[in-house]
Every structure is written in C-alpha cells, then in structure tokens.
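Visitor: Structure incoming, see below.
Please treat every number below as a calculation from the coordinates, not as lab data. These numbers come from a predicted model, not from an experiment. Note that we place each Cβ from the backbone using ideal geometry, even for glycine, and neighbour counts take in every protein chain shown.
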Amino acid sequence: MWKIEPDRLLRWLKSAAGISILTAVAAAAMATMDRGPHVLVNAVVMGGMLALVSMGLALVFGVMNIPMFAHGEYFMIGTLVAYYVFTPINTHISTHPDSMLSALGPLITIVAAMLVGAIAGVASEVLVFSQLRKRSRENWVMNSFLLTVGLSVVLINGHQLFFGADFKGIVRFWSGAPFSILDVFISRDRAMAFFLAVLVVLSFWLFISYTRTGRAIRAVSQDETGALMVGIGLNGILMLTMALSCALAAVAGASLLFMYPSYPSVGLEPLYMAWFVVIIAGLGNVLGAVVGAFIVSLLKVLTVEYIGSGWDFVVPSALIIVILVFKPSGLFGSEVRGILDK
Amino acid sequence: MLLEVKNLNAGYGFLQILREVSLTVDRGEYVALVGPNGAGKSTTLRTIAGLLRPMSGEIRFKGEPIEGLAGNKVARQGIAYVSEAMNLFVNMTVQENLSMGAYTLRDKGLRKDRLEFVYALFPRLVERQNQLAGTMSGGERKMLAIGRGLMSDPELLLVDEPSFGLAPQLTESVFESLNALKKRGMTIMLVEQNVTKALAVTDRGYVLENGRIELEGRSRELACNDHVRKVFLGV
C-alpha cells in the first residue's frame, strides 16, 4: 500500500498540492539559511496550533456545511478557561515548587479547556444550529453563516460583560530553562505547544480514518442521505462533530495562553488565519488543512521577517486571491466536492 | 406480510404526489412498481425508506408501524434502500463504502460473511476494492450501491431505477444480479421505468399513475394487459 510508484509521484509533484508544498519547503530552507533557524522554528510552532483551529473549521464546514465565523470564540473560550484554571494552580506552584502540579498543572488546564470547549460546541449545536435545521434547510449556508456571525458577537460581548475587557494572561505554563535545538532557544511552552499539536492532530487523524464513528463522520460529510440510508444517526454525528471541532479550537487557545492573553476578541486573529488556511487547502478538506496551516504560518513568518509585521495579513490575503483565480477549489481541493455540489 | 402500505399520502411541501397508495410485499417476493415519469414511484420508495415523512397513511414492516421513522431507524429495521442517485461516499474506497453499509452490524463474523457474499455477487467490485467510489463507471457504481445495501443483511431491498443511465449491456448484468439475489430468497421491490424489462423479471407488479395505484397483478398478466400495453408500450 505504501509502495512508491514513480508516475504517481511525478504526477503529484506536478499538481498544485505538490508544487505548493515543494515551494514552501524550499522557501523555508532558504529563509533558514538566510536569517537563521528561528524562522523555521516559529513557522512550525505556529503552524501546529493553526492546524488545530483550521482542522476544526474544515470539519464543521465539511460535515455540517456551516461557514463558521464564530470559531475564534471557541479559541477564546479555551484561553478563558485556561486562565481561570491555571491561575490558582500557578499560585500553588509558586508556594510549593516541587509539587506534582508543576508538571501536571498545565496538562490539567488544557484538558479542562478541551472539555469546556466540547461542551460549548454541543450547546451551540443544540441551542442554535439544530434549531435552524429543524425549522428550515433552505438557504442553509447563508442562514447558518449569519447565525455564526451573531453567535460570535454574543460570545465576544458575553466575555466582556462577565469577565471584563482587560488582558488576562500568564507568563508561562512550564518553568525551567528553554530547550536549545539548532542554536535556537525554544521556550518550554513553545516546544510543548508544538508537541501537543502534533499529538492532537495525529490522534484526530487516526480517529477519523480508522474508527467506526470517525468513518461515520466522513460518511456524513460526503453524502448525508447515503449516511442515513446505511443507518447512521445524523443528530449524534452532527453534535459530535461540533464538539470535536470546538474542543480542537479550545485546546489551541489554552496551549497558546502564554502568547495570547485572554480578552474578548482574542479569537479574531486565529479565526482569520484559519479561514486563510481552509480556503487555500480547499473547503472542507480536513487533512489538507493541516498542510495548509504550515504553509500559511510559514508565509506569515516570512512576511514578518522580510517585509514587516504590519503586512502579515496582507500577503496571505493576496495569495488567496491569486489561488482562487487560478484554482477555485483550493490547492488540495481536487478530492473533495465543492460547496456548490451539495 | 413483510411490508404493508395502506392509504399512503405523501409529497413535498404543498405538493402532494402519492394519493392513497396501498401495496404489500410478501417475504421472498420480487415486486415491480412501474409507471410513467413523475407518477410517484421514487416518492413511494423514499417514503418507505424514511427519507420523506408521509402526510398520512400506514407503513408496516414485519407488522410494526414504521411510518414517520427517520431514515437511519428504518435502515436498522432491515430495509435497505438503493436510491436512483446511489448516494455513495465518493471519497471512500469500494471497500470502505461496503464496510459503511454494514454500519449497523456489530458482529464481526457476520460483517465478514456479508462482504464475501457481496464480492461473490459482484466479482467486479473485488478488482476495484481500493478504488475511490467517485472514480468508477456508472455500472460499477450501481453494483456498489446495491452491494452496500446488501451489507446490512437486509430483509427487504428497495431498488430505484437500476437501469437509469446505464448502457443496455450493464443494465442486463445488474438485472442478472438482482435475479440471483431473488433466487437466494431476498425480498426485492423494484422501481423501474423500463416496464417491459421490469414485468419480465418480477413475480408481481403494481402500476402507478398520477400518484395512484391503477392496476396490480401478476407481472406476466400485467404485461399482456391492454391498458398497460397502450400506455407504456405504445401498442
């Protein structure tokens, strides 16, 4: 199954996906030689977390057909939960530096954020999206899009109302000296964030490809009627999808709390970045989103490095325009049906 | 009676399509539902399969009422529906599509038996095991759709327009596999526009016109019926 066939490899290299991945790798290598390895390290750490957010976005779009514009708010919920869980743990650690909590505390924090994220996802599915689905499925994409925008406004203002608009951040999760790889110092937090991202992406991929429920999720995304016909209960799958994708965003938010303190609109930047990724990768393509996340994050790091930090949204947007002109289905879009087919 | 439909009314929104449709299918029977375009044949199957909520009427399967149950629950009762559009999972391989067909079966041994059964019925699918369903030809997809339906070990197979969009040769081979199934005791309800063909292979038939059952009887007799010959065969 894993045999390498020369013509298939050649064909892949010539495809949009192959060209873009190769260009990205080459650009990363050149920038690393030119400016130093921190370029690569930054791109990879940010790419890992961006992958979590974008995967969730792609999943919600692919399975539920919802263009989710409230996804950043689940990231925000992750940061908020992490802040309120980790602050007391941190006080405990500072008085008892040798306790078990200094190692386990951050993990407990992230798991708590994941659970709350999943619950928030289920709540929004039950209270918002399933209500719309029950009433009308006409113009579903447009109506659900408007709902997500409304949900985003409500959640951002809810945060401001109940928790205030100030920055609620922490200095770091893990104390100790930074790791040094390739002459770059990587703080423990960044290294752990990347490690977590890899772990979550990998387990998610295994889940979606090999388990019965994972297959059912893919089946629903490919053909809802077909899924009903083989006996898959739609409501359960839709709820699970929403829970998973919101949990992914919350994990990203929680593990990046040391970089992004919690404040009401903290989710907007990851939301826009994730949309860049999902559009580049092809709407609804979950695995493409992982690769796309690294490409976008590299692009952003390179822009900051060579052009200036004010341009970090301009360049990806310009690239999206170019890609959509030449390849409307996205770079890896060939294997998924476009939104218009649904 | 395996399936019993009584005074079924169904449609889409304000548009009523089926009017007081009543029909029965007995265990082991091969029943045709024929009629002109737009008569409501597919609507009848969709309603039985739970993809469309009936406005009124009764559908009983093995004596239990199933009208108004969602599609996934109907599938779990033992009714497999092979739609005209096939509704395959296009980005999954043939093998994955078949294993999705057995989604409701928990017993591993039974799943394996069913897979062997389907592969024996459609040897072509064995060759295509690892191909994506979306990249196959129309005839192969039809076989896969029927195969996926059979994976759940159903007691009743509803087949919608197996000849739709297929070359005559392929149509023939799809009908042959349905015949083989019938010989093994499968209960099949067939919806078909090709009236001659459908009445030639089935035991019993219903003629649906404008949402009403106009005629019913043994297929051989229906094929000779004056009304049928005039309306469908142009004789």
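Visitor: Pairs of alpha-carbon atoms within less than 8 angstrom and 6+ residues apart define the contacts here; what relative contact order does chain B have, in percent?
Guide: 27 percent
Visitor: Still on this structure, please answer the following. Just the Kirkwood number for the range B:1-150, please: inverse of mean 1/r across all distinct Cα pairs, in Å, one decimal.
Guide: Working: mean 1/r = 0.0599 Å⁻¹.
Hydrodynamic radius (Kirkwood, Cα pairs) of the range B:1-150 is 16.7 Å.
Visitor: Against the 2.2 N^0.38 Å scaling, with N counting residues, where does the range B:83-153 land? I'd like the Cα-based Rg ratio to two decimal places. Don't skip to the end; give the middle numbers.
Guide: Values: Rg = 10.9 Å, N = 71, 2.2 N^0.38 = 11.1 Å.
Rg over 2.2 N^0.38 Å, computed on Cα atoms: 0.98.
Visitor: Taking every DSSP beta bridge that has both residues in the range B:145-235, what percent is antiparallel when rounded to the nearest 5? Each step should come with its number before you reach the end.
Guide: Details: 6 of 11 bridges.
Among the beta bridges of the range B:145-235, antiparallel pairing accounts for roughly 55 percent.
Visitor: Sequence gap at least 6, Cα distance under 8 Å: using those rules, report the relative contact order of the range B:83-153 to the nearest whole percent. Please report the intermediate quantities before stating the final value.
Guide: On the way: 82 pairs, mean separation 37.8, N = 71.
The normalised contact order for the range B:83-153 reaches 53 percent.
Visitor: If the only charges are +1 at each Lys and Arg Cβ and -1 at each Asp and Glu Cβ, what is the size of the charge dipole of the protein assembly as shown around the Cα centre, to the nearest 20 debye? Walk me through the intermediate numbers first.
Guide: Details: 50 positive and 44 negative charges, 118 e Å.
In total the dipole reaches around 560 debye.
Visitor: Next question. Averaged over its residues, how many other protein chain Cβ atoms are within 10 Å of peptide B:64-74's Cβ atoms? Intermediate results must be reported in sequence, preceding the final value.
Guide: Values: counts 0, 0, 0, 0, 0, 0, 4, 11, 11, 3, 3.
That works out to 3 on average.
Visitor: While we're looking at this one, here's another question. Antiparallel as a % of all DSSP beta bridges within chain B, to the nearest 5? Don't jump to the answer; show the numbers that get you there.
Guide: Details: 21 of 39 bridges.
That works out to approximately 55 percent antiparallel.
Visitor: Near B:Lys182, which lysines are there with a Cα under 20 Å away, not counting those fewer than 8 places off in the same chain?
Guide: Here the lysines satisfying the reach criterion relative to B:Lys182 are B:Lys62, B:Lys142, B:Lys197.
Visitor: In nanometres, what is the gap between the two model label sites at B:Lys108 and A:Tyr272, each 7 Å from Cα along Cα-to-Cβ?
Guide: So the two model labels end up 5.1 nm from each other.
Visitor: Further question on the same structure: Would you please give the FRET efficiency between A:Val126 and B:Ser22, computed as 1/(1 + (r/R0)^6) with r the Cβ-Cβ distance and R0 = 60 Å, to the nearest 0.05?
Guide: On the way: r = 39 Å, r/R0 = 0.66.
Step by step, r from the Cβ atoms, then E = 0.90.
Visitor: Sticking with this structure for a sec: What Kirkwood hydrodynamic radius do you get for chain A when you take the inverse of the mean 1/r over all pairs of distinct Cα atoms, in Å?
Guide: Numbers: mean 1/r = 0.0478 Å⁻¹.
Hydrodynamic radius (Kirkwood, Cα only) of chain A equals 20.9 Å.
Visitor: Between 0 and 90 degrees, rounded to the nearest ten: what's the tilt of helix B:108-121 against the longest Cα principal axis of chain B?
Guide: The helix B:108-121 is inclined about 70 degrees to chain B.
Visitor: A follow-up question, please. Return the percentage of antiparallel bridges among DSSP beta bridges fully within the protein assembly as shown, rounded to the nearest 5 %. Don't skip to the end; give the middle numbers.
Guide: Numbers: 25 of 43 bridges.
Percent antiparallel among DSSP bridges in the protein assembly as shown is about 60.
Visitor: Bins of 10 Å, beginning at zero and ending with the bin holding the largest distance: percent of Cα pairs per bin for the range A:236-342, please.
Guide: Values per bin, smallest distances first: 13, 38, 36, 12, 1.
Visitor: Connecting C-alpha atoms closer than 10 Å in a GNM of chain B, tell me which of B:Arg19, B:Arg148, B:Arg106 has the biggest fluctuation.
Guide: B:Arg106
Visitor: Taking amide H positions as placed 1.01 Å from N in the peptide plane, with prolines and chain starts having none, which residues 5 or more places from B:Leu8, or on another chain, fall under 5 Å of its amide H?
Guide: Here the answer is B:Glu20, B:Val21, B:Ser22, B:Glu58, since their amide H atoms fall under 5 Å of that of B:Leu8.
Visitor: Let me ask something else. Taking the Cα centroid of the range B:190-235 and of the range B:20-67, what is the distance between the two, rounded to the nearest whole Å?
Guide: Here the answer is 17 Å between Cα centres.
Visitor: Pick from A:Gly36, A:Gly56, A:Gly282: which residue has the top mean-square fluctuation in a GNM of chain A where Cα pairs under 10 Å get a spring?
Guide: Result for chain A, Cα springs under 10 Å: A:Gly36 fluctuates most.
Visitor: For peptide A:216-228, what's the mean number of Cβ atoms from other chains within 10 Å of each residue's Cβ? It would help to have the intermediate numbers written out before the result.
Guide: On the way: counts 2, 0, 5, 8, 1, 2, 10, 10, 2, 9, 14, 7, 11.
Partner-chain Cβ atoms within 10 Å, mean over residues of A:216-228: 6.
Visitor: Right, another one. Shielding by partners for B:84-92, please: the mean number of other protein chain Cβ atoms within 10 Å of each residue's Cβ. Don't skip to the answer; put the middle values down first.
Guide: Values: counts 0, 3, 4, 9, 4, 10, 7, 9, 5.
Mean shielding count: 6.
Visitor: Which whole-number percentage describes the relative contact order of the range A:181-290, with Cα contacts under 8 Å and a sequence gap of 6 or more?
Guide: Details: 37 pairs, mean separation 17.3, N = 110.
Value for the range A:181-290: 16 percent.
Visitor: Follow-up question, since we're still on this one. State the extension gain, in nm to one decimal, for the chain segment bounded by B:Gln169 and B:Arg60, taking 0.36 nm per residue of separation less the distance between their alpha-carbons.
Guide: Gain on extension, B:Gln169 to B:Arg60, equals 35.6 nm.
Visitor: Which loop-located trypsin sites (Lys or Arg not before Pro) does the range A:180-225 contain, where loop means any DSSP state but H, G, I, E or B and the Cβ has at most 12 other Cβ atoms within 10 Å? Walk me through the numbers before you get to the answer.
Guide: Working: sites: A:Arg188, A:Arg190, A:Arg212, A:Arg215, A:Arg218; in loops: none.
The qualifying sites: there are none.
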